[in-house]
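Before any comments, here is the structure.
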Amino acid sequence: MSNSVESITVTDNRTGNSVEIPIQSGGVSSTEWAKLLGNIWYYDPGLGQTAMVESSIAEINGEEGILRYRGYPIEQLAENATYLEVAYLLINGELPNKKQYQQWELDITHHTYLHENFRRRFFESFHYDAHPMGILISTIAALSTFYPEAKNVDDPQIRMRHINRLIAKIPTAAAGAQRFSSGLPLVFPDNDLDYITNFLSMMFKIAEPRYECDPVIKQALEKLFILHADHGQNCSTFAARVVGSAQTDPYSSVAAATAALYGPLHGGANEAVLKMLAGIGSYDQVEGFIESVKGGQGRLMGFGHRVYKNYDPRARIIKKAADQVFEVTGKNHLLDIALKLEEHALADEYFISRNLYPNVDFYSGLIYEALGFDPDMFTVLFAIPRTAGWLAHWNEAREQQGRIMRPRQLYTGEGKRDFVPLSKRPKSPK
Ligand code: ACO
């Protein structure tokens with residue numbers, strides 16, 4: 001092996017045999033490892049030290065707080081792009097030119113409607129106060145039954161057709177879920193509106209002939225959508241890739257990703273942050289709350305990240321956007337509590353020593369609430385833009401024709417033992 005290639009050497013101390021493994025793109029190949037250690041599994045709970053795939057979609061440098069989509073810094077995209085441009089970039093690898101963008105917008109805005117069955121029967125079948133994330137997950141999964149053609153996952157044209165459809169329909173499904181669980185009639189998509197305004201119209205239109213929205217509000221949501229569009233191999237994207245690796249259709253794969261996002265340690269954190277701030281209740285309770293977290297009573301939601309050991313760059317942009325929104329909507333009463341929490345946590349040894357900084361969810365809920373969204377809609381607001389990221393990864397995996405994902409385990413259970421009939425088992429369990 002050439003000395004110019006950086007490498008590591010692994011020695012099996014049982015036999016004295018060694019293998020030299022080249023370091024490529026910051027990783028070492030398990031195929032080389034297996035040449036020496038075929039039945040020794042690399043034990044990595046939470047997969048914190050494992051690269052499952054090669055990907056060219058999002059680059060994250062957690063030490064320096066850097067996020068780039070296809071090479072473009074997140075700050076530049078958030079400042080200058082539309083969400084649909086970013087979605088195109090994630091899926092296709094390049095920003096669209098004018099003609100490509102017009103066609104993309106047209107394709108998206110002409111697939112916004114859901115089958116009438118959803119409005120008439122599907123939503124109606126949920127309990128009146130069903131959480132919109134539960135409805136959204138089910139809606140996305142149900143879409144697969146309306147488009148069986150999408151099972152042809154090896155056909156790039158069919159893949160692209162359903163990627164367009166899903167990006168187009170997700171705001172309709174999301175708004176429908178919320179309107180249903182609020183007891184409001186569903187609003188039809190208005191295909192003359194842009195992506196963001198159309199979503200806001202489906203969310204908030206009551207009896208006015210056409211929904212009008214403040215440009216500051218629209219811009220803020222556009223920015224939030226861009227910031228949430230992708231983030232490498234996070235829990236939900238990983239779920240999309242795992243399910244997609246079985247050659248599952250895009251709707252079912254994205255439904256699985258949406259379910260992963262629902263959890264409070266992932267996309268559900270934005271809802272949990274708002275509940276936490278409301279629970280703290282007042283400015284002078286902040287120190288006591290921080291002490292309770294340090295004492296092991298719960299976590300400071302919206303803080304900490306598996307990858308970022310520095311300030312999450314998205315949190316910085318959101319914090320700035322919040323100021324612009326509050327100028328229009330008035331300040332969210334929980335903002336002062338959030339600011340004090342951040343200030344105290346960033347100066348506290350417990351949080352410093354564990355590299356715990358605000359993540360994307362710390363301030364996003366405050367803006368969402370100021371924009372008029374209920375807390376149970378916050379994770380849905382994350383799912384809408386992340387759909388482009390999930391689909392970009394799902395599509396990349398199909399292009400790579402990757403193997404089905406099937407990790408190993410370290411078995412720690414009982415050895416072989418014989419079956420005992422029910423009548424002969426001890427009365428009290430071990
Ligand atoms: N509050 C208090 N302590 C924390 C927090 C927190 N938010 N996050 C981590 N810690 C502590 C842990 O208790 C642990 O301490 P210990 O070493 O004394 O046991 C240490 O920091 C390391 O924590 P891990 O759980 O090992 O870190 P991991 O990388 O597995 O978890 C996670 C990352 C899930 C994001 C975690 O920081 C967390 O629970 N944060 C709060 C929930 C949250 O905001 N999630 C959103 C993440 S962003 C996203 O998904 C969009």
Practice task
Within region 351-430, list the GluC sites (Glu not before Pro) lying in a DSSP loop whose Cβ has at most 15 other Cβ atoms in a 10 Å radius.
Solution key: Glu414
Handout entry: Compactness of the chain as Cα Rg over 2.2 N^0.38 Å, two decimals
Key = 1.09
Problem - Charge dipole of the chain about the Cα centre (unit charges at C-beta), most positive-ward option of Ala315, Ser125, Asn234 - result: Ser125
Handout entry: Estimated dipole of region 78-406 in Debye, rounded to 20 [Cβ of Lys and Arg +1, of Asp and Glu -1, Cα centre]
Key = 900
Problem - Set of lysines near Lys205 by C-alpha distance (under 21 Å), chain-local residues within fewer than 8 positions excluded - result: Lys169, Lys218
Fill in the blank from the handout: Over the chain, with neighbouring protein chains present, the accessible area per residue in Å² at probe 1.4 Å is 52
Problem - Nearby lysines by direct alpha-carbon distance to Lys309 (threshold 22 angstrom, same-chain neighbours under 8 apart not counted) - result: Lys294, Lys319, Lys320, Lys340
Fill in the blank from the handout: Scoring region 40-141 by relative contact order with C-alpha pairs under 8 Å, at least six apart, yields a percentage of 12
Problem - Helix runs (DSSP H) in the chain reaching 27 Å along axis by Cα, Kyte-Doolittle at least -1.0 - result: 156-181, 378-400
Practice task
Go ahead and estimate [θ] at 222 nm for the chain from helices alone: -39,500 (n - 2.57) per DSSP H run with n ≥ 4, summed, over the residue count, rounded to 500.
Solution key: -15500 deg cm²/dmol
Exercise for the section: Just the number, please: carbon plus sulfur as a percent of the accessible area of region 78-406, 1.4 Å probe, no ligands or DNA/RNA counted. Expected result: 51
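The values are calculated or read from the model by the stated rules, or taken from the named source; none is laboratory data. On a predicted model such as this, the values are computed, not experimentally measured, just so you know. Virtual Cβ from ideal backbone geometry, glycine too; neighbours counted across all protein chains shown. All accessible areas refer to the heavy atoms of the entire protein, side chains included, with ligands and DNA or RNA removed. Shrake-Rupley method; radii C 1.70, N 1.55, O 1.52, S 1.80 Å.
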